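The values are calculated or read from the model by the stated rules, or taken from the named source; none is laboratory data. Source: prediction; values computed, not measured. Counting neighbours? That spans all protein chains shown, and the Cβs are built from the backbone with ideal geometry, glycine included. Side chains included, ligands, DNA and RNA excluded: accessible areas come from the protein's heavy atoms. Shrake-Rupley method; radii C 1.70, N 1.55, O 1.52, S 1.80 Å.
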Amino acid sequence: DMDEILNILKEFAEAQEARSKEQAGRPGTIKKKNKMNLREETEKEKKEREREEEKQYWEKMSKVLDPKTEAVWMALDTALSKYYKLLQDRQNLVEETGLLHQQNEELKTLLNQYLQAGVNHELKVPPTQIIRLDDDHQI
């Protein structure tokens, strides 16, 4: 979920900021800071500036969509998820129907073989006289 991602990123940025403040407040770092040359200081400023720009970027990204547009997208996501499930169910039914048609054809072939067997002619009442074959209901 986008809200969860944004919250995690905010927490990460805040944790990073807290760590950098914590490291700046440790004893001994002041002496090191005084000994830093100008070039190293500009690197630290550059990192701080980049961190601040990154924080602002992610803050802007969290507000790209207004609440109304976000609600529309969420409703669309829900509807499309339901539609996808419906299509999956339809696919399963189509596959099942195909298997049933195949089984039906196999059974028709088997029944025709039984009806044409020689043993049927020896019976007093052969099955072919009892079973009525219509054009509409072919076996």
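Structure above, values below:
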| item | result |
| --- | --- |
| Accessible area of segment 39-93 belonging to carbon and sulfur atoms, whole % at 1.4 Å probe | 57 |
| Taking the C-alpha atoms of segment 48-139, convex hull volume expressed per residue in Å³ | 161 |
| Cross-link partners of LYS68 among aspartates and glutamates (Cα-Cα below 19 Å; sequence separation of 8 or more within a chain) | ASP1, ASP3, GLU4, GLU59, ASP77 |
| Solvent exposure ordering (accessible area, 1.4 Å, most first) of MET74, MET2 | MET2, MET74 |
| Environment charge at LYS10 (Cβ cut-off 13 Å; Lys +1, Arg +1, Asp -1, Glu -1) | -4 |
| Members of LYS10/LYS85; LYS10/LYS47; LYS55/LYS82; LYS60/LYS82 lying beyond 27 Å, as alpha-carbon distances in this model show | LYS10/LYS85; LYS55/LYS82; LYS60/LYS82 |
| HN-Hα J in Hz across segment 57-73 - Karplus 6.51, -1.76, 1.60, θ = phi - 60°, x for Gly and Pro | 4, 5, 5, 5, 5, 6, 10, 5, 9, 6, x, 5, 5, 4, 5, 4, 5 |
